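Comments concern the structure below.
The values are calculated or read from the model by the stated rules, or taken from the named source; none is laboratory data. The shown structure was predicted, so the numbers you read here are calculated from the model rather than taken from an experiment. Every residue, glycine as well, gets a Cβ built from its backbone with ideal geometry; the counts of neighbours run over all protein chains shown.
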Amino acid sequence: MAELGFLTAAELAPLIQTKQLSPVELTKHLLNRIDTIDPAIHSYITPLHDVALQQAQEAENSIMHGQYKGPLHGIPIGIKDNYYTKGIPTTNGSKLFADFIPDKTAPAAEKLLAAGGIMLGKLNMHEVALGSTGTNLTFGTTRNPWNIHYMAGGSSGGSSAALAAGLATLATGSDTFGSIRLPAAMCGIYGLKTTYGLISTSNMFPSAWSLDTAGPMARSVSDLALMLDGMAGFDANDPASLHVPESHYNEDLHKGMRGIKIGIPTYYLEGLDPDVEKLLQNAITTLKSLGAEISEIVIPQISMSTFAGYSIVGGEASTYHHEWLQTHPEYYAADNRIFLLSGALTNSPQYVRAQQARRKMVEAFQKAFDEVDILLGPTIPISTPAFAQNWVQQNLDVIRRCLPFTVPVNLTGVPGLSVPMGLDSRGLPTGMQFIGNHLSEQQLLQVGYAWESVEPFQFQM
Amino acid sequence: MYDATFIKQGLYLQGLPVFEDDVPYIQNTLVTINQAQEPLKSFPDLNQTVPITVVDKRLMLWLN
């Protein structure tokens, strides 16, 4: 059998259901791996040995009594530390909230736990979910398990690193301007930014209200589907929450890609690092061999996304943090303080203009989806950077390069699935994103599954 | 356009702190945002577009 730490939930679930594998044994194994490996990775802020073992024991007792809940029962899950967890420190990756202990759990996490998931711990993140490098001066900078001299990305860098290092079976993330997809690409895992409102974001720290989404991260598309089944659903406490019929995202994953029309916005072909460009061309060839019909498509409105992204994220995030910036500015790392203060210096006309641009982009995307089923591009245009000495400038630079590729999905509210695209010339992962119409997660997962079946990614360390 | 004095005054008026070392980075970020406005000129009807706003269902329906 493969190393337990790298098995997917879809592989583990039948072993647990048939009592060949004990959830306690599995949880202990992962906690041991965390104790041994994580000091070099910093993917966790708060590992939860006692909580996890207690939940695992409860799961085991239920299963032994014939009360198997389903494929998440007994599966160890890491929870990003901007999801509230009742009675457990929830820091938002920030010194500001180092002592915050919520009295409730975010519904997006609660539902996974109610389905039998085991909470392994709270995962590291770029401070207040507003950076792309995973640098964290308070809780330790998350490092890329493929090479610890390189960044894991952010803001859900703890989630992606834990998955890549075999320190969690599943992980939650959040995505405001790329925070699920960017670290997924850098660490070679799968990450789904969901349709705005599909998963409740109540009882999560906000970054920018009109863009924030919660979503699953995993080592396979099947596992993303299992998580999405657990996380999606209406929540009256979230004003953005959508009323949608219940879906079973794990069904029909095998439908394949034949006849799927994929449009590649020309916008996504400009400014790519050479390795990314080469791997994208290889991927296009493979997708064609799977039966996809691929064409280039021009969506001029995407060119407004950089301005809209900076203005909206900066404006909303600096509003949320305004009082803390006044009273505790020294609690912010310099990169975030600079980003937030820059946002505070943008003005109302810029913010509203950005929202006008956003509507233009929504209309343009709707039109594009009349012509094609899926849009495709690299998740980010760059190869994963090594850590630079000037980490402040580096975070601002990575945002400047990558936000234009990730934020269009947030601005238009559509789902985006980042999948591993292959290793670059340095042996580090790259990613590409499939972008679908609103609530097209099922189709995105089908396409991702077809891709994964011919380009499986090997995890070992 | 975004000189250090403008930035410091802008922050001061909002009661926000000024860290001298931050100022050049803030300048660069504001320049990035300013330059990113350039593509908007290709859409002369932009101002006829109703902005997407943080308006939720409770503004249109009286819900508890």
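A single entry from A:I338, A:I399 fulfils the requirement of being in contact with a Ser or Thr (Cβ under 6 Å, 6 or more places away or on another chain), within 14 Å of another protein chain (Cβ to nearest Cβ), within 23 Å of B:V18 (Cα to Cα) and at pLDDT 95 or above: A:I399. The single condition among (1) more than 8 Å from chain B (Cβ to nearest Cβ); (2) surrounded by 21 or more Cβ atoms within 10 Å (Cβ to Cβ) that A:I299 does not satisfy is (2).
Restricted to the stretch A:171-198, and to residues there that are closer than 22 Å to A:F97 by Cβ and among the β-branched types (V, I, T), the residue that is farthest from the chain's Cα centre (by Cα) is A:T176.
Looking only at the stretch A:285-295, residues that are closer than 13 Å to A:L375 by Cβ and part of a helix (DSSP H, G or I) come to 1 in all. Of the residues making up the stretch B:35-47, those that are at the interface with chain A (Cβ under 9 Å from one of its Cβ atoms) and assigned to a helix (DSSP H, G or I) are B:Q35, B:A36, B:E38, B:P39, B:L40, B:S42, B:L46, B:N47.
Restricting to the stretch A:387-396, and then to whatever is outside any helix (DSSP H, G or I) and not polar (S, T, N, Q), can you tell me which residue is farthest from the other protein chains (Cβ to nearest Cβ)? Only one residue tops the list, namely A:F387. The residues listed here are A:Q355, A:Q366, A:Q389, A:Q393; of these, the one that is closer than 29 Å to A:I264 by Cα and surrounded by fewer than 19 Cβ atoms within 10 Å (Cβ to Cβ) is A:Q366.
For the stretch A:354-371, a tally of residues being within 7 Å of chain B (Cβ to nearest Cβ) and of a type in the set (D, E, K, R) returns 3. Give the residues of the stretch A:113-140 that are of a type in the set (A, V, I, L, M) and over 16 Å from the mean Cα position of the chain (by Cα), sorted by residue number. A:L113, A:A114, A:A115, A:I118, A:M119, A:L120, A:L137 - these are the residues of the stretch A:113-140 that are of a type in the set (A, V, I, L, M) and over 16 Å from the mean Cα position of the chain (by Cα). When residues in the stretch A:136-181 are screened for being among the polar types (S, T, N, Q) and surrounded by fewer than 24 Cβ atoms within 10 Å (Cβ to Cβ), 3 of them pass. Here the condition is being within 17 Å of the chain's Cα centre (by Cα) and buried (at least 23 other Cβ atoms within 10 Å of the Cβ); of A:L375, A:L411, it holds for A:L411 alone.
Residues in the stretch A:317-329 that are more than 8 Å from chain B (Cβ to nearest Cβ) and either without any contact (Cβ under 8 Å) to a residue 60 or more places away in the chain or assigned to a helix (DSSP H, G or I) (or both): A:A317, A:S318, A:T319, A:Y320, A:E323, A:W324, A:T327. If you filter the stretch B:1-20 down to residues that are facing chain A (nearest Cβ under 7 Å) and part of a helix (DSSP H, G or I), you find that the one that is surrounded by the fewest Cβ atoms within 10 Å (Cβ to Cβ) is B:G10.
Just a yes or no: is a residue in the stretch A:239-249 out of contact with any strand residue (DSSP E or B) (no Cβ under 6 Å at 6 or more places or on another chain) and not in a loop (DSSP other than H, G, I, E, B)? No; the residues of the stretch A:239-249 include none that is out of contact with any strand residue (DSSP E or B) (no Cβ under 6 Å at 6 or more places or on another chain) and not in a loop (DSSP other than H, G, I, E, B).
Here the condition is being at pLDDT 95 or above, within 9 Å of chain B (Cβ to nearest Cβ) and in a loop (DSSP other than H, G, I, E, B); of A:T384, A:T346, it holds for A:T346 alone.
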